[in-house]
Every structure is written in structure tokens, then in C-alpha cells.
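J.: Next up is a structure, given as C-alpha cells.
The values are calculated or read from the model by the stated rules, or taken from the named source; none is laboratory data. None of these values were measured; they are calculated from a predicted model. Quick reminder, even Gly has a Cβ in these numbers, built from the backbone with ideal geometry, and neighbours come from all protein chains shown.
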Amino acid sequence: MLLGRNGAGKTTTLRTIMGLWKATQGHIGFDGAAVGGPGVRTSPPDMARQGIAYVPENMGIFADLSVKENILLAARQARSAAQLDTARLEWIFGFFPALRKFWLYPAGKLSGGQKQMLAVARAIIEPRRLLLVDEPSKGLAPAIIQNMIDAFIELKQASTTILLVEQNFNFARQVGDHVAVMDNGRVVHAGGMAELAHDDALQTRLLGLSLGAHQ
């Protein structure tokens, strides 16, 4: 879990890992190989081929395409809806039933929360080795936020590694096992989520949260 105040560098970190921005110093490694840093040329398609999926804050969906077509574009092993992993699609519909209802609708006509559901569904339509997710609870109703939490917990149990940026601390504490807090482009705290979730003073110092934010 990657936390921090607005402008701390969280989104920049995800975009740099994904190869959308170039790292000018340091290095980025994945599965024992260098995938970012000076002298390393890595593109988003390169990262996707390694099983890494990215859900940006702006969701990155194709507004003129249907929900089905958006899902198909993200499914590397399927060229038609008939080739999709039916069990996995039903699993996704269980968390995000609106996607079934609007399966043939243009994605641009969905509500903000429904677009966020679609963005996450695109990322998990196939098993991934690493998910990079930027503020997944943004714009969602409380009931759907809980569905999102449940989905990420199940993904973790299936051994999917997730690096998640989130402003909703209640969401973060339920999903995250480990946490890094950023400020001005640097990690200023790293440790277990349980420690941060139960330390009001630490929350206030690092995140500016009011006392009792973990309740």
C-alpha cells in the first residue's frame, strides 16, 4: 500500500514503474530483472507482457467502446466474448454486477463509479503477477467500495501482488498488509499496516488524519 498526501509522488511512482515515465536515477526491478532506470528502455506493452496491469487514476477506459469490448481488449488470450474465461468473468460480475447489466452499453455512458469498476475489471480479467492500482475507491458508493475491498482480498489470497495507491484510509487498512508513506517524492515511513492502523499519532504525523481514523 502506498499512502501520502496529495502531491507526494504516489501516482508518479506507479506511472514510472509501468514505463509511462522515465526514471532518471535509481533502478526499478521486477522478478530479478531491471525494468526501469537510467539506460533501461521499458514500455507499457513490455510490462504488460510480464503480467503487470495498471489501473490509472483517470481509469483509462475507451468511452466509445462497449463494456464488453473494453474487457476484450484487456484479455490477451481472448478474441471474442466466447473465448473469455467464463468463471473469472462471473467472479468479476459478482463484485461488480452493474457491468453485467451494462455489458453492451458504451463505456462513456457509465457513471463515474461504474467506469471505475470497469477499469478494475479490465485489469483482473486475466490472472496478473502484479497489479498497480491508483485510487480504486474514488467515486464509488460505500456498498461498491466493500465489493472492491473483497475483490482485492481474494486477489491477494490467490497470490497476486498488488501495489495500491489510496486516499481512503479505511479502505487501505482493510486491504493492505504492508505500507509505505511518501512525502515530496521520498518514502518517509515503511512498515506493517497494522502498526499504522492502530497508531493515531503516527497517522496524524504522516497523513494528517484526524484521531480515530482507524475506527
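J.: Within segment 52-69, is there a residue that is at pLDDT below 85 and surrounded by 15 or more Cβ atoms within 10 Å (Cβ to Cβ)?
T.: Yes, segment 52-69 contains a residue that is at pLDDT below 85 and surrounded by 15 or more Cβ atoms within 10 Å (Cβ to Cβ).
J.: Kindly check whether there is at least one residue in segment 142-158 that is more than 15 Å from the chain's Cα centre (by Cα) and farther than 28 Å from L84 by Cα.
T.: yes
J.: Further, regarding this structure: For the condition over 21 Å from Q116 (Cα atoms) and not polar (S, T, N, Q), what is the one hit in R15, R88, R76, R5?
T.: R5
J.: Name the residues in segment 58-92 that are more than 16 Å from G108 (Cα to Cα), among the charged types (D, E, K, R) and part of a loop (DSSP other than H, G, I, E, B), would you?
T.: R76, R79, D85
J.: Residues of segment 117-147 being hydrophobic (A, V, I, L, M, F, W, C) and at pLDDT below 90, which ones?
T.: L140, A141, A143, I144, listed by residue number.
J.: Cβ contacts < 7 Å: first residue within 14 Å of Y54 (Cα to Cα), restricted to segment 5-22; second residue aromatic (F, W, Y) and surrounded by 15 or more Cβ atoms within 10 Å (Cβ to Cβ), any location; separation 6+ or different chain. Result?
T.: L14/Y54; M18/Y54
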